[in-house]
1. May I have the extent of the alpha carbons of the range 499-559 along their three principal axes, as whole Å values ordered from largest to smallest?
2. State the answer as a single residue: which of I557, A607, Q322 lies farthest towards the positive end of the charge dipole of the chain, with beta carbon charges of +1 for Lys and Arg and -1 for Asp and Glu, about the Cα centre.
3. Efficiency by 1/(1 + (r/R0)^6): what FRET value for S348 and T550, r their Cβ-Cβ distance, R0 = 35 Å, to the nearest 0.05?
4. What FRET efficiency do you get for D92 and A542 if R0 is 60 Å and r is their Cβ-Cβ distance, rounded to the nearest 0.05?
5. Share of the range 118-276's accessible area from carbon and sulfur, percent, 1.4 Å?
6. With each run of n ≥ 4 DSSP H residues scored as -39500 (n - 2.57), what mean residue ellipticity at 222 nm is computed for the chain after dividing by its residue count and rounding to the nearest 500 deg cm²/dmol?
7. Express the accessible area of the chain per residue in Å², computed with a 1.4 Å probe while the remaining protein chains stay in the model.
8. What does the charge add up to near R390, with Lys and Arg as +1, Asp and Glu as -1, over the other residues with Cβ less than 9 Å from its Cβ?
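The values are calculated or read from the model by the stated rules, or taken from the named source; none is laboratory data. Computed from a predicted model, the values in this text were never measured in an experiment. Methodologically, a virtual Cβ is constructed for each residue, glycine included, from the backbone with ideal geometry; neighbour enumeration extends over all protein chains shown. Note: accessible area is taken over every heavy atom of the protein model, side chains too, but ligands, DNA and RNA are not part of it. Shrake-Rupley method; radii C 1.70, N 1.55, O 1.52, S 1.80 Å.
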Amino acid sequence: MSRVLCILFALLVLPVSARAQDAASLIADNLQILGSSTIVAEGNVEIFFRGSHLKARRITYDRAGEHLEIEGPVTLIEGDSIIVLADSASLDADLRNGVMRGARMVLDQQLQLAAAEMTRVGGRYTQLYKTVASSCQVCANNPVPLWQIRAERIIHDQEERQLYFDNAQFRVMNIPVMYLPRLRLPDPTLERATGFLTPSLRSTSQLGFGLKIPYFIAIGDDKDITITPYFSSSTKTLELRYRQAFRTGTIDFEGAFSRDDILRDQDRWYLFGEGSFNLPRDYKLNFDIETTSDSSYLLDYGYSDTDRLDSAIELSRTRRDQFFSAGLVFYETLRTTESNSTIPSLVSDIFYQRRFEPAFIGGDADLRFQTHSHSRRSSIPGNLGRDVTRASAGLDWRKDWILRNGMVAAVLTEANLDFYDVSQGAPGEEDGLFHTITLGSELRWPWAMTSPEGASHIVEPVVQLLWTNENIPNLPNEDSTLLEFDEGNLFALTRYPGTDAYERGFRVNVGGSWTRFDPSGWSLGLTAGRIFRAEDLGQFTAGSGLTGSTSDWLAAIQLKLQNNLSLTNRALFDDTFDFTRNETRVSWRNDRLSLASTYVWLTAAPAEIRPRTSEWIFDSSYRFDDRWTGKTDWRYDFVEKQASRAGVGLEYQSECVKIDLSLSRRFTSSTIVTPATDFGLTISLSGFGVGGSDRNLARSCTS
């Protein structure tokens, strides 16, 4: 009988209860009918029924008892996540109940469970007896997995996606290392379940050797909490993390509470939190909370290296031609050189911007409104106690024309109106209403060419003429103190990042760029420019590269080679090549090795409270093979003539385990921070829970 006829005939003789719910199909090379109730299918037998796919060498079906006797090798596939292999089986017609002998179950192509006998109950529970579980590769030439769990019995709850072990023994390289009378673990398909997470070992020179054991609690589908006790010879710490998802947003809080030997008889803690919500009419609400008990707690425990904390709330909306933002920020400094009473601790801002095209003159225009306020707790006049409130309005306009020779000409203008209310200011500081007008023009000449060897060249020289009224009021400058002069603002109307100050006077911004794209795959880009002023108004401070009637030269180069070598350099220097700033970064990588090195040199900037800086940063990683990866990082301070930070790491990852080993050293010290060494070890077993395994790693013995 042909295989097609077997399918049609089987549909007629399958149990009535089965046909009433789902259609079933049977395929076989040969089909025999013995008596009135027995059917025997032989040769490449396959059954498709209710999402299950059964393969076997021979199946005998007793219609009266609705019972299947199956001779193997047997393969049962259920959905996308369960595969059962067996030597033989006895199952009911629904494939939901019965016994499978010499069975092996594979969950989500990750976790293997081999048993002498396996019993299926109700299509939900699978019981395996005398069982070995592992996600490691097991081959003829490597029969012993790296790790395994042996148990008298394992129950797999397919509905709850849980594995229950009776009298479990955990073995590493077949050596027993742990015995547990009862053990529960999630199967590989479960995303979230209450239980212990991967523990980690941590040792520091300040806190000693310790162990972290996180416990995850799934409160519901939308929220969870992770509790992590951290015990060492010098601390008792409890870490917490709470997450919750809402219909329109999420929140995430984390914190810790400690009693340790560093600050005896003092409670130490921190709390960080953040949230984001989508509101009606395209509005978004974002907030974050950052606070801690003392200045060194975050560094001592490795939670964060930030030295200024900010807690903020912001309401914003972004549209194609409009932007609105209203926010409130509270700052808390951890720096020894600052005091919370003298920094602007409470800052509020409201900002609105709208872009439009004027009806009669064309071009692009921006309209801006902003209010700003900050206050200090100190009542000392000047920088230590000044409070400022500012309201600003601004309008800028630009229009471009393309000339017949390809040049792009533009006219541009900007008008700003600022109102200041200054309390406890320094002597002579003004408040009131002030205006600023900027007029300018610009000429660009972009052109492209292709050389005979096929390389593409793009060149664009730019000249920009600007004038801003020179009446410079004596106003407090608090949000434009940190200046950057780079390619991004070479042709900006002002180099000040905030709105407390405007670049004034008549000036000419001159520069250009050249980029070459070679057909072999490498590219080279150069940018250079300078600012010329009719008069030095003394607006800029030493170390900015903008002082004098002529600024420093700005030069930047970027080289990308076909062999993944990348070189970037940015520098500020005067006519005698006396450098104000220089930054160089080199990186290279291939399939195994990754190298990156950065050198930064900055001259001192007293107005920014920035000393001379000379630092070298290096990091690399090397993949020894498909499983072992080494990492190093290094930071050296040439001014202090010592390393500030160094670290090494080693990572091992196979199809069944991930081991992360790290060692780092912080060399810097202050009145609140001492040098410290940190050692960390994390071992994660793959195959339990979603995300515990890398599917790209080899599991098959033939791969």
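1. Cα extents, longest axis first: 49, 21, 20 Å.
2. Comparing the listed Cα positions along the dipole, I557 ranks first.
3. Calculated transfer efficiency: 0.35.
4. On the way: r = 88 Å, r/R0 = 1.46.
Computed FRET efficiency for D92 and A542: 0.10.
5. 56
6. Details: 3 runs with 22 residues, N = 703.
Rounded to the nearest 500, the figure is -1000 deg cm²/dmol.
7. That works out to 52 Å² per residue.
8. -3
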